[in-house]
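As structure tokens, the structure follows; a few thoughts come after it.
The values are calculated or read from the model by the stated rules, or taken from the named source; none is laboratory data. Keep in mind that this is a model prediction, so the values were computed, not measured. When we count neighbours, we look across all protein chains shown, and the Cβ atoms used for this are built from the backbone with ideal geometry, even at glycine.
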Amino acid sequence: MERSMHQRPEFWRVAQRTCIIAAAVDIAFFGIFLYLNSPILAWVNVVSVVMYAVAYYAYGKRMNGLGTFLVWTEVIVHATLGTVLIGWDSGFHYYLLMFIPALAVTMRGTAAVVALVALWAFYLALYFLDFWQPPLQPIGANALLGIHIFNVAVVFAMFSYLGFFYAKSITSANRKLNRLASVDELTQLYNRRQARALAETELSRADRTSLPVALILLDIDHFKLINDVYGHDKGDHVLEYIAKIMKGELRQHDIIGRWGGEEFMILLPETDLAHAEYIGERLRSAISSYAWGTDLGHDLQVTASIGISQHKENETLNRLLKRADTALYMSKSEGRNRVTAIHEIPKHLVTN
């Protein structure tokens, strides 16, 4: 259980806020029960406020077990006393139902089932106790109705608050899952699957609008050597820095993806081959002139080879990639750290 506590910091921040709300409710109850001449329940609320204050502090210090113990104890004792003293119709038993979502979040498997069954058994026991034992300090019918309405309103408000919290948590979790499924963790660029999907969508749009689209393949030169000489951590830093360089040099609507280990794919909407070649040269220059040694603490020089091609009407992404890959091969074979842009694959490089 303790492990799941630390894995849900948002839940424990909500638990802190709930302590504040519950303490405010108990302060209101203190005045109500003094007015109704029920001193035991009135002073119980003073103790409850102190317990919630300590629980709030415990949650703030990540002593979640202590905070949870205090909250559970306060609610169980308060619900029991309220029911025994003024009756089931007071509605104090509703507060026990607040534990159901909390148990579902903080516990798993058999432990959660056992805790829920125990809660249900206690709830039934409290009901039958009231059935067999009349209230020890009964209050008037109008006052009892007022307490019942007040308790229903408080529980309704708290359940609504928790409902919004859980809805927000689910939405946030879905966003994180979608991001993990579409973004490369190291570079924070699109991963290969997402980059391909976005590129295919953009090519379809280009076919409808007849606007030019160019594709760049960028490969870091001698990246294996960088890993071997400086270590994989430095290699990862190089990938991160190059991703930052590309983001800084390219437009917001350009599609940038990590295509392989040290290879990147860039799709440039509304860009012809000549302009794409200019952009490719700008990227190559930015990478080769970057102060790698200053940032990475080594006498390190990083360059990149680039291949570029332009999309043809009704052409598949694979065909466009093949031409850009051929252009990249030409850049590497001609000495690396250069840009090659081609309309067609040279005949001597055509393969079946």
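Quick check, is I76 in contact with a Pro (Cβ under 6 Å, 6 or more places away or on another chain), in the same structural domain as A42 (by TED's automatic domain parsing) and either farther than 19 Å from T18 by Cα or in contact (Cβ under 8 Å) with a residue 12 or more places away in the chain (or both)?
Working: in contact with a Pro (Cβ under 6 Å, 6 or more places away or on another chain): no; in the same structural domain as A42 (by TED's automatic domain parsing): yes; either farther than 19 Å from T18 by Cα or in contact (Cβ under 8 Å) with a residue 12 or more places away in the chain (or both): yes.
It is false that I76 is in contact with a Pro (Cβ under 6 Å, 6 or more places away or on another chain), in the same structural domain as A42 (by TED's automatic domain parsing) and either farther than 19 Å from T18 by Cα or in contact (Cβ under 8 Å) with a residue 12 or more places away in the chain (or both).
Whether any residue in the stretch 212-223 is assigned by TED's automatic domain parsing to the domain that holds E277, in a helix (DSSP H, G or I) and out of contact with any Lys or Arg (no Cβ under 6 Å at 6 or more places or on another chain) is what I want to check.
Of all residues in the stretch 212-223, those assigned by TED's automatic domain parsing to the domain that holds E277 come to 212-223.
Then drop every residue that is not in a helix (DSSP H, G or I), which leaves 223.
This time we only want the ones that are out of contact with any Lys or Arg (no Cβ under 6 Å at 6 or more places or on another chain), so: 223.
Yes - at least one qualifying residue is present in the stretch 212-223.
Among residues belonging to the stretch 1-50 that are hydroxyl-bearing (S, T, Y) and in a helix (DSSP H, G or I), point out the one that is modelled with the lowest pLDDT.
First, pick out the residues of the stretch 1-50 that are hydroxyl-bearing (S, T, Y): 4, 18, 35, 38, 48.
Narrowing the set further to residues that are in a helix (DSSP H, G or I) leaves 4, 18, 35, 48.
Values: S4: 42, T18: 85, Y35: 85, S48: 90.
Checked the stretch 1-50; the qualifying residue modelled with the lowest pLDDT is S4.
Just to verify a result, which residue in the stretch 192-208, among those that are of a type in the set (G, A, S) and surrounded by 14 or more Cβ atoms within 10 Å (Cβ to Cβ), is nearest to G257 (Cα to Cα)?
Of all residues in the stretch 192-208, those of a type in the set (G, A, S) come to 195, 197, 199, 204, 206.
Retained after the next criterion (residues that are surrounded by 14 or more Cβ atoms within 10 Å (Cβ to Cβ)): 195, 197, 199, 206.
On the way: A195: 5, A197: 11, A199: 10, A206: 19 Å.
Among those that are of a type in the set (G, A, S) and surrounded by 14 or more Cβ atoms within 10 Å (Cβ to Cβ), it is A195.
When the stretch 288-312 is examined, which residues are found to be outside any loop (DSSP other than H, G, I, E, B) and at pLDDT below 95? First the steps, then the outcome.
Filtering the stretch 288-312 down to residues outside any loop (DSSP other than H, G, I, E, B) leaves 288, 292-296, 304-310.
Answer for the stretch 288-312, where residues must be outside any loop (DSSP other than H, G, I, E, B) and at pLDDT below 95: S288, W292, G293, T294, D295, L296.
Looking at the stretch 41-55, can you tell me whether even one residue there is hydroxyl-bearing (S, T, Y) and within 38 Å of the chain's Cα centre (by Cα)?
As a first pass, look at the stretch 41-55 and keep what is hydroxyl-bearing (S, T, Y): 48, 52.
Imposing the further condition that a residue be within 38 Å of the chain's Cα centre (by Cα) reduces the set to 48, 52.
Yes, the stretch 41-55 contains at least one residue that is hydroxyl-bearing (S, T, Y) and within 38 Å of the chain's Cα centre (by Cα).
Enumerate the pairs (first residue in the stretch 111-133 and more than 15 Å from Y94 (Cβ to Cβ); second residue anywhere and surrounded by 13 or more Cβ atoms within 10 Å (Cβ to Cβ) and at pLDDT 90 or above) with beta-carbon separation below 6 Å, excluding pairs fewer than 6 apart on the same chain, so at least 6 apart or on different chains.
Pairs found: none.
Going residue by residue through the stretch 183-199, is there one that turns out to be within 22 Å of the chain's Cα centre (by Cα) and in a strand (DSSP E or B)?
First, pick out the residues of the stretch 183-199 that are within 22 Å of the chain's Cα centre (by Cα): 183-195.
With the extra rule that they be in a strand (DSSP E or B), the set shrinks to 183, 190.
Scanning the stretch 183-199, I find at least one residue that is within 22 Å of the chain's Cα centre (by Cα) and in a strand (DSSP E or B), so the answer is yes.
Take the conditions in the same structural domain as A167 (by TED's automatic domain parsing) and in a helix (DSSP H, G or I) and apply them to I100. Does it pass?
On the way: in the same structural domain as A167 (by TED's automatic domain parsing): yes; in a helix (DSSP H, G or I): yes.
The answer is yes for I100.
Does at least one position in the stretch 216-237 carry a residue that is more than 26 Å from S285 (Cβ to Cβ) and surrounded by 14 or more Cβ atoms within 10 Å (Cβ to Cβ)?
no
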